[in-house]
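Below: one structure, written as C-alpha coordinates.
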Amino acid sequence: MQRPHPRHPSSAHPRLHTPEWFTADDSALNVALVYPMQGPAGIFGPACEACARLAVEEVNRAGGVLGKELRLIEVDGGAEPQRVAGEVEALVATGVVQGVTGWHISSVRQALAPRVAHRVPYVYTALYEGGERTEGVFLTSETPAGQLRPAMRLISEARGVRRWFVVGNNYVWPRQTARAARRYARESRARVCGEAYLPLGTDDFTDVLRRIEHADADGVLMLLVGNDAVRFNRAFGAFGLDRRSIRLSTLMDENMLMASGPEATRDLFSTAGFFASLANQDTLDFHGSYAARFGIDAPAPGSLGESCYEGVLLLAALIERARTLDVSAIGAAADAVSYEGPRGLLRLRDRHVRQRIYLAEADGLDFTVVAQLESGK
(Lines give C-alpha, C1' and ligand atoms only; values in the text may rest on other atoms or scores of the structure.)
Protein backbone atom coordinates (compact mmCIF):
# COMPACT_ATOMS: atom_id res chain seq x y z
CA MET A 1 0.00 0.00 0.00
CA GLN A 2 1.33 3.45 -0.90
CA ARG A 3 2.04 5.66 2.07
CA PRO A 4 0.04 8.89 2.21
CA HIS A 5 1.33 12.14 0.79
CA PRO A 6 3.15 14.17 3.46
CA ARG A 7 1.05 17.00 4.82
CA HIS A 8 3.23 20.03 5.26
CA PRO A 9 2.99 23.75 4.52
CA SER A 10 5.07 23.62 1.35
CA SER A 11 2.61 21.19 -0.27
CA ALA A 12 0.28 24.18 -0.60
CA HIS A 13 2.49 25.61 -3.37
CA PRO A 14 0.52 25.61 -6.63
CA ARG A 15 1.28 22.97 -9.22
CA LEU A 16 1.65 24.12 -12.77
CA HIS A 17 -1.42 24.16 -14.97
CA THR A 18 -0.70 27.28 -17.03
CA PRO A 19 2.54 29.27 -17.12
CA GLU A 20 0.52 32.48 -16.55
CA TRP A 21 0.22 31.54 -12.88
CA PHE A 22 3.85 32.55 -12.35
CA THR A 23 5.95 35.63 -13.00
CA ALA A 24 9.67 36.26 -12.88
CA ASP A 25 11.03 37.30 -9.49
CA ASP A 26 14.57 38.68 -9.27
CA SER A 27 14.70 38.14 -5.51
CA ALA A 28 14.55 34.35 -5.88
CA LEU A 29 16.04 31.60 -7.99
CA ASN A 30 13.16 29.49 -9.27
CA VAL A 31 13.63 25.87 -10.33
CA ALA A 32 11.12 23.75 -12.21
CA LEU A 33 10.73 20.44 -10.35
CA VAL A 34 9.50 17.97 -12.98
CA TYR A 35 8.21 14.79 -11.35
CA PRO A 36 5.31 12.38 -11.99
CA MET A 37 1.97 13.30 -10.46
CA GLN A 38 0.02 10.77 -12.51
CA GLY A 39 0.50 7.55 -14.47
CA PRO A 40 2.52 4.48 -13.47
CA ALA A 41 5.34 6.52 -11.93
CA GLY A 42 2.93 8.54 -9.80
CA ILE A 43 3.40 6.00 -7.01
CA PHE A 44 6.70 7.60 -6.04
CA GLY A 45 5.82 11.18 -7.02
CA PRO A 46 5.06 12.25 -3.42
CA ALA A 47 8.50 11.06 -2.32
CA CYS A 48 10.09 13.04 -5.16
CA GLU A 49 8.35 16.21 -4.01
CA ALA A 50 9.13 15.73 -0.32
CA CYS A 51 12.81 14.96 -0.91
CA ALA A 52 13.26 17.94 -3.23
CA ARG A 53 11.59 20.29 -0.76
CA LEU A 54 13.78 19.04 2.07
CA ALA A 55 16.87 19.80 -0.02
CA VAL A 56 15.58 23.29 -0.91
CA GLU A 57 14.98 24.11 2.74
CA GLU A 58 18.49 22.97 3.65
CA VAL A 59 20.05 24.98 0.82
CA ASN A 60 18.12 28.08 1.89
CA ARG A 61 19.14 27.70 5.53
CA ALA A 62 22.76 27.66 4.32
CA GLY A 63 22.32 30.96 2.47
CA GLY A 64 20.53 30.01 -0.75
CA VAL A 65 22.11 30.10 -4.21
CA LEU A 66 24.07 33.17 -5.31
CA GLY A 67 22.57 34.87 -2.26
CA LYS A 68 19.01 34.22 -3.44
CA GLU A 69 16.26 32.07 -1.99
CA LEU A 70 15.79 28.82 -3.91
CA ARG A 71 12.17 28.04 -4.81
CA LEU A 72 10.46 25.15 -6.59
CA ILE A 73 7.74 25.35 -9.21
CA GLU A 74 6.19 21.92 -9.69
CA VAL A 75 5.45 20.50 -13.13
CA ASP A 76 3.67 17.22 -13.76
CA GLY A 77 6.30 15.02 -15.37
CA GLY A 78 3.78 12.20 -15.73
CA ALA A 79 1.96 13.98 -18.56
CA GLU A 80 2.58 13.44 -22.26
CA PRO A 81 6.25 14.29 -23.03
CA GLN A 82 5.68 17.10 -25.50
CA ARG A 83 3.18 18.73 -23.16
CA VAL A 84 5.69 18.61 -20.30
CA ALA A 85 8.39 20.06 -22.55
CA GLY A 86 6.07 22.85 -23.70
CA GLU A 87 5.14 23.85 -20.16
CA VAL A 88 8.73 23.95 -18.95
CA GLU A 89 9.92 25.76 -22.07
CA ALA A 90 7.29 28.45 -21.46
CA LEU A 91 8.55 28.92 -17.90
CA VAL A 92 12.13 29.19 -19.13
CA ALA A 93 11.32 31.51 -22.05
CA THR A 94 9.47 33.96 -19.81
CA GLY A 95 12.25 34.00 -17.23
CA VAL A 96 10.11 32.43 -14.54
CA VAL A 97 12.57 29.58 -13.86
CA GLN A 98 16.33 29.59 -13.96
CA GLY A 99 16.90 25.85 -13.69
CA VAL A 100 15.21 22.46 -14.11
CA THR A 101 15.51 19.24 -12.13
CA GLY A 102 13.50 16.16 -11.20
CA TRP A 103 12.71 12.52 -11.86
CA HIS A 104 10.82 11.73 -15.09
CA ILE A 105 11.10 9.02 -17.70
CA SER A 106 13.55 9.22 -20.59
CA SER A 107 10.95 10.09 -23.22
CA VAL A 108 10.18 13.25 -21.22
CA ARG A 109 13.89 14.06 -20.95
CA GLN A 110 14.36 13.58 -24.68
CA ALA A 111 11.50 16.00 -25.40
CA LEU A 112 12.62 18.51 -22.78
CA ALA A 113 16.41 18.70 -23.15
CA PRO A 114 16.59 20.16 -26.69
CA ARG A 115 14.11 22.89 -25.73
CA VAL A 116 15.60 24.14 -22.47
CA ALA A 117 19.09 22.78 -21.72
CA HIS A 118 20.94 25.43 -23.74
CA ARG A 119 19.09 28.15 -21.80
CA VAL A 120 19.18 26.96 -18.18
CA PRO A 121 20.99 24.15 -16.31
CA TYR A 122 18.98 20.92 -16.31
CA VAL A 123 19.77 18.28 -13.68
CA TYR A 124 18.15 14.96 -14.57
CA THR A 125 17.83 12.59 -11.61
CA ALA A 126 16.32 9.40 -13.04
CA LEU A 127 18.34 6.30 -13.80
CA TYR A 128 18.46 6.08 -17.57
CA GLU A 129 19.83 4.23 -20.58
CA GLY A 130 23.03 6.28 -20.91
CA GLY A 131 24.38 8.36 -23.76
CA GLU A 132 22.92 11.79 -22.94
CA ARG A 133 25.33 14.45 -24.24
CA THR A 134 23.16 17.56 -24.59
CA GLU A 135 24.96 20.68 -23.37
CA GLY A 136 23.46 21.90 -20.12
CA VAL A 137 22.19 18.47 -18.99
CA PHE A 138 23.75 17.04 -15.83
CA LEU A 139 22.87 13.56 -14.53
CA THR A 140 22.82 12.29 -10.95
CA SER A 141 21.66 8.70 -11.31
CA GLU A 142 22.61 5.27 -12.55
CA THR A 143 23.28 3.98 -16.07
CA PRO A 144 23.42 0.34 -17.22
CA ALA A 145 27.20 -0.04 -17.34
CA GLY A 146 27.64 0.75 -13.66
CA GLN A 147 24.30 -0.56 -12.39
CA LEU A 148 22.97 -3.42 -14.49
CA ARG A 149 26.20 -4.96 -15.79
CA PRO A 150 27.77 -5.83 -12.41
CA ALA A 151 24.40 -6.86 -10.99
CA MET A 152 23.76 -9.33 -13.81
CA ARG A 153 27.27 -10.69 -13.49
CA LEU A 154 26.99 -11.20 -9.73
CA ILE A 155 23.57 -12.84 -9.93
CA SER A 156 24.65 -15.08 -12.79
CA GLU A 157 27.64 -16.26 -10.78
CA ALA A 158 25.85 -16.62 -7.44
CA ARG A 159 22.58 -18.09 -8.66
CA GLY A 160 23.60 -19.78 -11.91
CA VAL A 161 21.27 -17.73 -14.09
CA ARG A 162 21.81 -18.60 -17.75
CA ARG A 163 18.53 -17.61 -19.44
CA TRP A 164 17.27 -14.05 -18.97
CA PHE A 165 13.87 -12.82 -20.11
CA VAL A 166 13.41 -9.04 -20.42
CA VAL A 167 10.04 -7.45 -19.57
CA GLY A 168 9.87 -3.69 -20.06
CA ASN A 169 7.64 -0.79 -20.96
CA ASN A 170 7.70 0.22 -24.59
CA TYR A 171 9.89 3.31 -24.75
CA VAL A 172 13.53 4.27 -25.02
CA TRP A 173 14.88 3.38 -21.54
CA PRO A 174 13.75 -0.28 -21.49
CA ARG A 175 14.64 -0.95 -25.11
CA GLN A 176 18.10 0.62 -24.93
CA THR A 177 18.81 -1.03 -21.58
CA ALA A 178 17.77 -4.41 -22.98
CA ARG A 179 20.22 -3.94 -25.84
CA ALA A 180 22.99 -3.53 -23.25
CA ALA A 181 21.64 -6.48 -21.24
CA ARG A 182 22.16 -8.81 -24.20
CA ARG A 183 25.87 -7.96 -24.15
CA TYR A 184 26.11 -8.27 -20.37
CA ALA A 185 24.44 -11.70 -20.43
CA ARG A 186 26.97 -13.00 -22.96
CA GLU A 187 29.81 -11.82 -20.72
CA SER A 188 28.52 -14.23 -18.05
CA ARG A 189 28.00 -17.13 -20.47
CA ALA A 190 24.26 -16.52 -20.38
CA ARG A 191 21.81 -15.17 -22.94
CA VAL A 192 18.57 -13.23 -23.28
CA CYS A 193 16.03 -15.85 -24.32
CA GLY A 194 13.04 -13.54 -24.80
CA GLU A 195 11.85 -9.94 -24.64
CA ALA A 196 8.45 -8.28 -24.21
CA TYR A 197 7.65 -4.55 -24.32
CA LEU A 198 4.32 -3.32 -23.01
CA PRO A 199 2.52 0.04 -23.03
CA LEU A 200 2.74 2.20 -19.94
CA GLY A 201 -0.30 1.40 -17.80
CA THR A 202 -0.45 -2.33 -18.66
CA ASP A 203 -2.46 -4.36 -16.15
CA ASP A 204 -2.73 -7.80 -17.81
CA PHE A 205 0.51 -9.77 -17.92
CA THR A 206 -0.91 -13.22 -18.64
CA ASP A 207 0.61 -13.63 -22.10
CA VAL A 208 4.03 -12.42 -20.95
CA LEU A 209 4.03 -14.78 -17.98
CA ARG A 210 3.25 -17.69 -20.27
CA ARG A 211 6.10 -16.68 -22.55
CA ILE A 212 8.49 -16.57 -19.59
CA GLU A 213 7.35 -20.03 -18.52
CA HIS A 214 7.69 -21.49 -22.02
CA ALA A 215 11.15 -19.94 -22.46
CA ASP A 216 12.26 -21.71 -19.26
CA ALA A 217 13.84 -18.45 -18.07
CA ASP A 218 15.67 -18.63 -14.76
CA GLY A 219 16.11 -14.84 -14.56
CA VAL A 220 13.71 -12.01 -15.42
CA LEU A 221 15.04 -8.51 -15.99
CA MET A 222 12.25 -6.08 -15.08
CA LEU A 223 12.35 -2.73 -16.85
CA LEU A 224 8.87 -1.64 -15.82
CA VAL A 225 7.86 1.70 -14.31
CA GLY A 226 6.08 2.20 -11.00
CA ASN A 227 2.65 0.65 -10.76
CA ASP A 228 3.28 -1.46 -13.86
CA ALA A 229 6.09 -3.19 -11.95
CA VAL A 230 3.83 -3.55 -8.90
CA ARG A 231 1.13 -5.29 -10.93
CA PHE A 232 3.71 -7.48 -12.65
CA ASN A 233 5.15 -8.55 -9.28
CA ARG A 234 1.72 -9.57 -8.05
CA ALA A 235 0.92 -11.46 -11.23
CA PHE A 236 4.36 -13.12 -11.25
CA GLY A 237 3.86 -14.45 -7.72
CA ALA A 238 0.29 -15.56 -8.35
CA PHE A 239 1.44 -17.43 -11.48
CA GLY A 240 4.04 -19.30 -9.42
CA LEU A 241 7.03 -18.13 -11.43
CA ASP A 242 8.74 -16.84 -8.31
CA ARG A 243 9.57 -20.48 -7.48
CA ARG A 244 11.61 -20.96 -10.66
CA SER A 245 12.93 -17.51 -11.72
CA ILE A 246 14.66 -14.71 -9.89
CA ARG A 247 13.77 -11.12 -10.78
CA LEU A 248 16.18 -8.21 -11.14
CA SER A 249 15.00 -4.61 -11.46
CA THR A 250 16.97 -1.40 -11.89
CA LEU A 251 13.87 0.63 -10.99
CA MET A 252 12.32 -0.69 -7.78
CA ASP A 253 12.08 1.35 -4.59
CA GLU A 254 10.55 0.75 -1.18
CA ASN A 255 7.19 2.31 -2.12
CA MET A 256 6.86 -0.11 -5.03
CA LEU A 257 7.94 -3.00 -2.81
CA MET A 258 5.32 -2.09 -0.23
CA ALA A 259 2.62 -1.86 -2.89
CA SER A 260 3.62 -5.26 -4.32
CA GLY A 261 3.23 -6.97 -0.94
CA PRO A 262 5.53 -9.54 0.74
CA GLU A 263 3.87 -12.49 -0.98
CA ALA A 264 4.91 -11.09 -4.40
CA THR A 265 8.59 -10.37 -3.78
CA ARG A 266 10.29 -13.74 -3.37
CA ASP A 267 13.72 -13.72 -5.05
CA LEU A 268 13.31 -10.11 -6.16
CA PHE A 269 16.51 -8.07 -6.45
CA SER A 270 17.03 -4.37 -7.07
CA THR A 271 20.15 -2.38 -7.90
CA ALA A 272 20.56 1.33 -7.17
CA GLY A 273 22.82 3.97 -5.70
CA PHE A 274 20.64 4.37 -2.62
CA PHE A 275 18.50 2.15 -0.42
CA ALA A 276 16.62 3.31 2.66
CA SER A 277 18.06 0.37 4.63
CA LEU A 278 21.69 1.46 4.21
CA ALA A 279 23.13 2.05 7.67
CA ASN A 280 25.98 4.44 6.85
CA GLN A 281 26.13 7.86 8.48
CA ASP A 282 25.09 9.80 5.37
CA THR A 283 21.91 7.76 5.03
CA LEU A 284 21.10 7.90 8.73
CA ASP A 285 21.50 11.69 8.78
CA PHE A 286 19.18 11.99 5.79
CA HIS A 287 16.53 9.79 7.39
CA GLY A 288 16.70 11.82 10.58
CA SER A 289 16.16 15.09 8.73
CA TYR A 290 13.41 13.63 6.57
CA ALA A 291 11.49 12.14 9.51
CA ALA A 292 11.84 15.33 11.55
CA ARG A 293 10.47 17.40 8.66
CA PHE A 294 7.64 15.20 7.37
CA GLY A 295 6.83 12.70 10.12
CA ILE A 296 6.34 8.96 10.17
CA ASP A 297 3.46 8.97 7.66
CA ALA A 298 5.54 10.47 4.85
CA PRO A 299 6.22 8.38 1.74
CA ALA A 300 9.30 6.18 1.98
CA PRO A 301 12.32 8.10 0.64
CA GLY A 302 13.63 5.33 -1.62
CA SER A 303 16.16 5.74 -4.40
CA LEU A 304 13.71 7.30 -6.86
CA GLY A 305 12.38 9.99 -4.55
CA GLU A 306 15.76 10.56 -2.93
CA SER A 307 17.24 11.25 -6.37
CA CYS A 308 15.31 14.54 -6.37
CA TYR A 309 17.14 15.55 -3.19
CA GLU A 310 20.38 14.85 -5.05
CA GLY A 311 19.15 16.89 -8.01
CA VAL A 312 18.55 20.01 -5.95
CA LEU A 313 21.93 19.70 -4.22
CA LEU A 314 23.77 19.25 -7.52
CA LEU A 315 21.97 22.13 -9.22
CA ALA A 316 22.82 24.44 -6.32
CA ALA A 317 26.45 23.27 -6.32
CA LEU A 318 26.81 23.77 -10.07
CA ILE A 319 25.52 27.34 -9.97
CA GLU A 320 27.51 28.25 -6.87
CA ARG A 321 30.72 26.88 -8.37
CA ALA A 322 30.30 28.81 -11.63
CA ARG A 323 28.96 31.93 -9.82
CA THR A 324 26.61 32.46 -12.74
CA LEU A 325 23.50 31.06 -14.39
CA ASP A 326 25.21 30.90 -17.78
CA VAL A 327 24.94 27.33 -19.05
CA SER A 328 28.30 27.33 -20.86
CA ALA A 329 30.13 28.61 -17.78
CA ILE A 330 28.39 26.04 -15.58
CA GLY A 331 29.39 23.28 -17.97
CA ALA A 332 33.00 24.46 -18.05
CA ALA A 333 33.21 24.32 -14.24
CA ALA A 334 31.22 21.09 -13.80
CA ASP A 335 34.13 18.67 -13.43
CA ALA A 336 35.32 20.66 -10.40
CA VAL A 337 31.94 20.37 -8.67
CA SER A 338 31.33 18.13 -5.67
CA TYR A 339 28.54 17.95 -3.09
CA GLU A 340 27.69 15.80 -0.09
CA GLY A 341 24.35 14.12 0.51
CA PRO A 342 22.71 10.80 1.39
CA ARG A 343 24.84 8.98 -1.22
CA GLY A 344 28.07 10.39 0.23
CA LEU A 345 30.55 12.87 -1.23
CA LEU A 346 29.94 12.86 -4.99
CA ARG A 347 31.73 14.39 -7.96
CA LEU A 348 30.94 14.87 -11.63
CA ARG A 349 32.81 13.45 -14.60
CA ASP A 350 31.56 14.09 -18.12
CA ARG A 351 28.45 15.63 -16.51
CA HIS A 352 27.55 12.32 -14.79
CA VAL A 353 27.72 11.85 -11.02
CA ARG A 354 30.06 9.06 -9.90
CA GLN A 355 28.68 7.02 -7.03
CA ARG A 356 28.60 3.66 -5.26
CA ILE A 357 26.04 1.17 -6.58
CA TYR A 358 24.42 -1.57 -4.49
CA LEU A 359 22.55 -4.81 -5.04
CA ALA A 360 19.69 -5.50 -2.61
CA GLU A 361 17.27 -8.37 -2.09
CA ALA A 362 13.63 -7.90 -1.11
CA ASP A 363 12.94 -9.02 2.44
CA GLY A 364 9.26 -8.61 3.14
CA LEU A 365 8.51 -4.91 2.74
CA ASP A 366 12.13 -3.77 2.84
CA PHE A 367 15.39 -4.30 0.99
CA THR A 368 18.49 -5.93 2.42
CA VAL A 369 21.68 -4.75 0.74
CA VAL A 370 23.72 -7.81 -0.19
CA ALA A 371 26.63 -6.29 -2.10
CA GLN A 372 28.30 -3.09 -3.20
CA LEU A 373 28.90 -3.16 -6.93
CA GLU A 374 31.52 -1.40 -8.99
CA SER A 375 30.76 2.20 -9.84
CA GLY A 376 30.79 3.45 -13.37
CA LYS A 377 29.04 5.35 -16.09
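The values are calculated or read from the model by the stated rules, or taken from the named source; none is laboratory data. Since we're looking at a predicted model, the values are computed, not measured. In this analysis, Cβ positions are derived from the backbone assuming ideal geometry, glycine residues included, and neighbour counts consider all displayed protein chains. Just so you know, the surface numbers come from the protein's heavy atoms only, side chains and all, with ligands and any DNA or RNA stripped out. Shrake-Rupley method; radii C 1.70, N 1.55, O 1.52, S 1.80 Å.
Search the structure for amide H atoms under 5 Å from the amide H of V192, placed 1.01 Å from N in the peptide plane, and list their residues when 5 or more places away or on another chain.
Under 5 Å from the amide H of V192 lie the amide H atoms of W164, each far enough along the sequence or on another chain.
Using amide H atoms built 1.01 Å from N in the peptide plane, name the residues 5+ places from E74, or on other chains, whose amide H lies under 5 Å from its own.
Here L16, L33 satisfy the definition.
If I build a Gaussian network model for the chain, linking alpha-carbon pairs within less than 10 angstrom, which residue out of R189, R71, R343 has the largest mean-square fluctuation?
Top of the fluctuation ranking is R189.
Give me, ordered by chain and number, the residues 5 or more places off V370 or on other chains with an amide H under 5 Å from its own placed amide H.
Sorted by chain and number, the residues that satisfy this are L359, A360, E361.
Whole-Hz Karplus ³J(HN,Hα) for the stretch 34-51, in order, using 6.51 cos²θ - 1.76 cosθ + 1.60 and θ = phi - 60°, x for Gly and Pro?
These are the phi-based 3J(HN,Hα) values: 9, 9, x, 9, 8, x, x, 7, x, 4, 10, x, x, 5, 4, 5, 4, 5 Hz.
Please give the peptides 221-230, 178-187 ranked by average Cβ packing (other Cβ atoms within 10 Å per residue), highest first, as a rough proxy for protection. Write out the running numbers ahead of the final one.
On the way: 221-230: 25.7, 178-187: 17.3.
Most protected by this proxy first, the peptides run 221-230, 178-187.
Specify the residue with the greatest mean-square fluctuation among P262, P199, P36, computed from a Gaussian network of the chain linking alpha-carbon atoms under 10 Å apart.
P199
Per-residue accessible area for F269 at 1.4 Å probe radius, Å² rounded to 10?
Rounded to the nearest 10, that gives 20 Å².
In the neighborhood of G201, defined by Cβ-to-Cβ distances under 12 Å, what is the net charge if each Lys or Arg adds +1 and each Asp or Glu adds -1?
Taking every Cβ under 12 Å from that of G201, the sum is -2.
Can you work out ³J(HN,Hα) from phi for every residue in the stretch 248-259, in order, using Karplus 6.51 cos²θ - 1.76 cosθ + 1.60 and θ = phi - 60°, giving whole Hz and x for Gly and Pro?
Using θ = phi - 60°, the values come out as 10, 10, 9, 9, 8, 10, 5, 5, 5, 5, 4, 5 Hz.
Rounded to whole Å, give me the distance from the Cα center of the stretch 266-336 to that of the stretch 125-174.
With the stretch 266-336 and the stretch 125-174 each reduced to a Cα centre, they are spaced 19 Å.
Computing the accessible area with a 1.4 Å probe over protein heavy atoms, can you report the carbon and sulfur percentage for the chain? Present the calculation step by step, with values, prior to reporting the outcome.
On the way: 6700 of 14170 Å².
The nonpolar share, carbon plus sulfur, comes to 47 percent.
What does the net charge come to around A238 if you take all other residues with beta carbon closer than 11 Å to its beta carbon, with K and R at +1 and D and E at -1? If you can, show how the numbers build up before the last one.
Details: positive: R231, R234; negative: D242, E263.
Around A238, the charge tally is 0.
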